[in-house]
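Trainee: First, the structure itself, so that you have it in front of you.
The values are calculated or read from the model by the stated rules, or taken from the named source; none is laboratory data. Since the model is a prediction, treat every value here as computed from it, not as a measurement. FYI the Cβ positions are ideal-geometry reconstructions off the backbone, even for glycines, and counts take in every protein chain you see. The area values use the complete protein model at the heavy-atom level, side chains included, leaving out ligands, DNA and RNA. Shrake-Rupley method; radii C 1.70, N 1.55, O 1.52, S 1.80 Å.
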Amino acid sequence: MATLKLENIFKSFGETEVLKDINLSIDDKGFVVFVGPSGCGKTTLLRIICGLEEATSGKVFIDEEDVSNAQPVDRGISMVFQSYALYPHLSVFEYIAFPLRVAKINEAELKERVDRAAEILQLTDRLDFKPGQLSGGQRQRVAIGRSIVRNPRVFLFDEPLSNLDAALRGDMRVELAKLHQNLKTTMVYVTHDQIEAMTMADKIVVLNDGVVQQFGAPMELYHHPTTKFVAGFIGHPKMNFLKTTNTVVDGNELKVNIGAETISLPVEIGETKSGDIIELGIRPEDLRLSSDNQGLSMNVEVVEHIGATVIIYGPAAGNDDFCAVLPGDTLIHPGETISLLINSSRCHAFNSQGIALRRKQVAEVS
Ligand code: ATP
């Protein structure tokens, strides 16, 4: 049981400021994922939470207790790292039991705690094995087992799946989600993979350049990104962006021309004036094939058949990397020119600073 609060966290390495005023409140039993590009400060923030790194300024609270100056071992936190180097001479049992031996836990309780962790992680029949006899996924589970036996108040995971192949990553995602449901412990998970973030998190923190861009539930970030950065980072394939210079404010409607089409955007006008440059955001899945050459013209360069969907890439409306996701049975070939209809009610609009224009309430969206 633990809430986690970060208050005005700043961190500099020499002259370089890598975390800039981070403020977050993480609920008890929450599963929060820090996501962002390489170098944005995710690991540094995680290390500050567990006490391996000292913040330049700011405070860390666990259950309202200020632990900013507490030693890592006194914070009740356990961290699972990306590289889970297991000692080759230790059996799975001894590896998991190691922190309990260090803490001089009596043999009966030690065995009970290791057995329970092994059961949760489906490692009971592997307890006598050595690391060399385990698969990558099993090794990662052993590393997690070593954290579980310590009964931490908070689990921290630093890219624990990045060394696994794609199929195993998918399996482990599901296992970690189940683990969270079983243990009901607060978890903070770092990744640069937005699919891991979307699939596992209760809430996602999108970080860029040491700043929290947005903190919210996965689908809130997908439907209501507050910045162009979040819009481009969350969702796969990425959102398409089109720069428009022909903005028209018409009553309380904001309209733009895309190709031969005029579309009315589902956003508040705010400060926007006719002629302002607006960047339009269109998710690839919010496009469909036009049957009568109406809509946005696209030159298809690459066609990827995924099965249920087909993903096509090529230039459209001045964007050389435009992308559309269409039903899997759509017959399209590289070299064709196609027309796409835009679901305008799902479009996004960003001002010249990359800030999203506020979306109209659903009832107002035509
Ligand atoms: P990645 O996904 O690549 O692991 P990250 O988002 O976790 O990246 P951090 O490891 O937190 O990023 O690093 C943030 C920035 O701080 C980087 O520019 C990095 O070079 C810098 N940095 C991290 N640790 C140190 C250090 N000990 N000394 C100097 N600079 C550091």
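Trainee: Tell me whether segment 258-346 comes out rounded, prolate or oblate; compute the Cα gyration tensor, take square roots of the eigenvalues as a ≥ b ≥ c, and use a/c under 1.5 as the rounded threshold. Walk me through the numbers before you get to the answer.
Mentor: On the way: a/c = 2.21, a/b = 1.96, b/c = 1.13.
Since a/c reaches 1.5 and a/b is larger than b/c, the shape of segment 258-346 is classed as prolate.
Trainee: A further question follows. Tell me the net charge near Phe129. Cut-off is 13 Å between Cβ atoms, Phe129 excluded, with +1 for each Lys or Arg and -1 for each Asp or Glu.
Mentor: On the way: positive: Arg126, Lys130, Arg139, Arg141; negative: Glu94, Asp125, Asp128.
It works out to a net charge of +1.
Trainee: Rounded, prolate or oblate: pick one for segment 123-169, where a ≥ b ≥ c are the square roots of the eigenvalues of its C-alpha gyration tensor, a/c under 1.5 means rounded, and failing that, prolate if a/b is larger than b/c, else oblate.
Mentor: On the way: a/c = 2.67, a/b = 1.11, b/c = 2.41.
Oblate, because a/c is 1.5 or more while a/b does not exceed b/c.
Trainee: For the pair Asp63/Asp193, report the inter-label distance in nm, with labels modelled 7 Å from Cα in the Cβ direction.
Mentor: In this crude label model, Asp63 to Asp193 measures out at 3.3 nm.
Trainee: Quick one: which of 189-196, 41-48 comes out on top by average Cβ neighbours within 10 Å, and what's the full order, highest first?
Mentor: Working: 189-196: 21.0, 41-48: 22.5.
The packing order, highest mean first, is 41-48, 189-196.
Trainee: Pick out the long, greasy-scoring helices in the chain: whole DSSP H runs spanning 24 Å or more along their own axis by Cα, mean Kyte-Doolittle at least 1.0. The partial results should precede the final answer.
Mentor: Details: long enough: 166-183 (25 Å, -0.21).
Within the chain not a single helix satisfies the rule.
Trainee: Shifting gears a bit: Quick check: the distance between the Cα centres of segment 305-331 and segment 233-258, to the nearest angstrom?
Mentor: One Cα centre to the other: 19 Å.
Trainee: Please report the net charge: other residues with Cβ closer than 10 Å to the Cβ of Thr44, K and R +1, D and E -1.
Mentor: Values: positive: Lys11, Lys42, Arg47; negative: Glu53.
Residues close to Thr44 contribute a combined charge of +2.
Trainee: Further question: Taking only C-alpha pairs under 8 Å that are 6+ residues apart, what is the relative contact order of the chain in percent? Kindly include the intermediate steps, with their values, before the conclusion.
Mentor: Numbers: 764 pairs, mean separation 55.3, N = 366.
Relative CO of the chain lands at 15 percent.
Trainee: If you count the DSSP beta bridges with both ends in the chain, what percent of them are antiparallel, to the nearest 5? Walk me through the intermediate numbers first.
Mentor: Values: 57 of 75 bridges.
Roughly 75 percent of the DSSP beta bridges within the chain come out antiparallel.
Trainee: Any idea what diffusion coefficient the chain gets from Stokes-Einstein, in µm²/s, Kirkwood Rh on alpha carbon pairs, 4 °C, 1.567 mPa s? Before the final figure, lay out the partial values.
Mentor: Details: Rh = 23.1 Å.
Roughly 56 µm²/s, to the nearest whole number.
Trainee: Using a 1.4 Å probe on the protein heavy atoms, what percent of the accessible area of the chain belongs to carbon and sulfur? Walk me through the intermediate numbers first.
Mentor: Numbers: 8630 of 17510 Å².
In the chain, the share of accessible area belonging to carbon and sulfur is 49 percent.
Trainee: Here's something else I'd like to know. Please report, in debye to the nearest 20, how large the charge dipole of segment 62-122 is about its Cα centre when each Lys and Arg carries +1 at its beta carbon and each Asp and Glu carries -1 there. Intermediate results must be reported in sequence, preceding the final value.
Mentor: Numbers: 6 positive and 11 negative charges, 74 e Å.
With Lys and Arg at +1 and Asp and Glu at -1, about 360 debye.
Trainee: Let me ask you something else. Of the listed peptides 57-66, 11-20, 199-208, what is their order by residue-averaged count of other C-beta atoms within 10 Å, with the highest listed first?
Mentor: Working: 57-66: 15.1, 11-20: 13.5, 199-208: 21.6.
By packing density, highest mean first, the sequence is 199-208, 57-66, 11-20.
Trainee: A further question on this structure: Given an 8 Å cut-off on Cα distances and at least 6 residues of separation, report the relative contact order of segment 278-365 as a percent.
Mentor: On the way: 172 pairs, mean separation 32.9, N = 88.
RCO, segment 278-365: 37 percent.
Trainee: Once Lys and Arg get +1 and Asp and Glu get -1 on their Cβ, which of Gln122, Phe61, Met79 lies farthest toward the positive end of the dipole of segment 1-135?
Mentor: Toward the positive end, the furthest listed residue is Gln122.
Trainee: Something else: Translational D (Stokes-Einstein, µm²/s) of segment 1-65 at 10 °C and 1.306 mPa s when Rh comes from the Kirkwood sum over C-alpha pairs? Can you show the working numbers first?
Mentor: Values: Rh = 12.2 Å.
Answer, rounded: 130 µm²/s.
Trainee: Let me ask another. At R0 = 22 Å, how high is the FRET efficiency between Asn163 and Lys130 if r is their beta carbon distance? Nearest 0.05 is fine.
Mentor: Numbers: r = 19 Å, r/R0 = 0.85.
After rounding, the FRET efficiency stands at 0.75.
Trainee: If all Cα-Cα distances of segment 189-284 are sorted into 10 Å bins from 0 onward, what percent lands in each bin, rounded to whole numbers?
Mentor: Result, from short to long distances: 14, 40, 28, 16, 1 percent.
Trainee: Okay, next question. Quick check for you: with a 1.4 Å probe and neighbouring chains kept, what is the accessible area per residue of segment 228-274, in Å²?
Mentor: Working: 2240 Å² over 47 residues.
Accessible area per residue, segment 228-274: 48 Å².
Trainee: Work out the charge dipole of the chain with +1 on the Cβ of Lys and Arg and -1 on the Cβ of Asp and Glu about the Cα centre, then indicate which of Asn151, Ser274, Asn23 is farthest towards its positive end.
Mentor: Result: Asn151.
Trainee: Under 14 Å from the Cβ of Glu119, count the other residues' Cβ atoms, weight Lys and Arg +1, Asp and Glu -1, and hand me the total. Let's see the in-between values first.
Mentor: On the way: positive: Lys111, Arg113, Arg116, Arg126, Arg141, Lys178; negative: Glu112, Asp115, Asp125, Glu175.
Result for the local shell: +2.
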